[in-house]
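Contents: one structure, followed by commentary.
Derivation of every value follows stated rules applied to the coordinates shown; laboratory data play no part. Since this is a predicted model, take the numbers as computed values, not measurements. Because the Cβ atoms are built from the backbone with ideal geometry, glycine has one as well, and the counts that use them run over all protein chains shown.
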Amino acid sequence: MKQEFFEIGQIVNTFGIKGWVKVNPFTDDPERFQELNNVLVVKNKELINMQIEEVKFHKNVILVKFKGIEDINMAEKYKGCYIKIKREDARKLPKDTYFIADLIGMKVYDDEGNLLGTLEDIYNNKIHDIYVVKNDLGKQILLPSTKEVIKEIDIERDRIIVHLIDGLI
């Protein structure tokens with residue numbers, strides 16, 4: 001089942017006294033925040049629609065000014081909250097690229113049909129993505145996202161086929 005919303009960042013702190021917040025981006029392209037007018041902020045398990053007034057970049061974080069958040073005390077209330085967008089507001093992906101949220105939870109098989117486990121996480125090690133696969137016993141397998149290893153991603157059948165090269169497990 002495709003996710004309706006995507007997490008694109010987390011409010012990690014306030015910035016200054018005029019209601020700005022620091023956001024740790026979860027997107028490959030942080031400049032994406034400049035294109036957004038509205039986002040959903042998750043506070044107490046509730047989605048709050050918030051309008052972005054201004055976006056700035058500072059070191060490794062994004063500074064966001066939300067409409068109606070006028071001082072540090074108001075901004076403080078959103079510290080730790082996640083920021084989401086609706087799927088329809090996400091950028092269209094190039095061919096053969098996928099949203100991580102759509103891949104997490106997929107079954108991972110080797111090219112001989114053996115179930116290796118479930119895709120638990122994907123992280124980037126600066127060279128390429130690393131797929132974290134966990135089996136029923138809790139053992140993790142780390143697979144590099146290369147054409148040599150990841151052979152097929154089948155969203156409709158909810159599975160990923162991989163080729164295990166020597167030294168991976």
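Observations on the structure shown:
- Charge dipole of the chain about the Cα centre (unit charges at C-beta), most positive-ward option of ILE130, ILE69, ILE161: ILE69
- Within a Gaussian network of the chain (alpha carbon springs, distance under 10 Å), most fluctuating of GLY105, GLY80, GLY113: GLY113
- Rh by Kirkwood over Cα pairs, then Stokes-Einstein D for the chain at 0.692 mPa s and 37 °C, µm²/s: 184
- Between GLN140 and ASN124, the simple label model (points 7 Å from Cα in the Cβ direction) yields a spacing of 1.9 nm.
- DSSP bridge pairs, the chain: antiparallel proportion in percent, nearest 5: 90
- Kirkwood hydrodynamic radius of region 5-87, Cα pairs, Å: 12.4
- Given LYS45/LYS79; LYS45/LYS86; LYS22/LYS92; LYS22/LYS67; LYS18/LYS56; LYS22/LYS79, the pairs whose alpha carbons are separated by over 19 Å: LYS22/LYS92
- Lysine pair count for region 107-169 with Cα-Cα distance under 18 Å and sequence separation of 8 or more or different chains is 4.
- Gain in span if fully extended, LEU164 to LEU115, counting 0.36 nm per residue against the direct Cα distance: 16.4 nm
- Inter-centroid distance (Cα atoms) of region 108-169 relative to region 1-43, Å: 29
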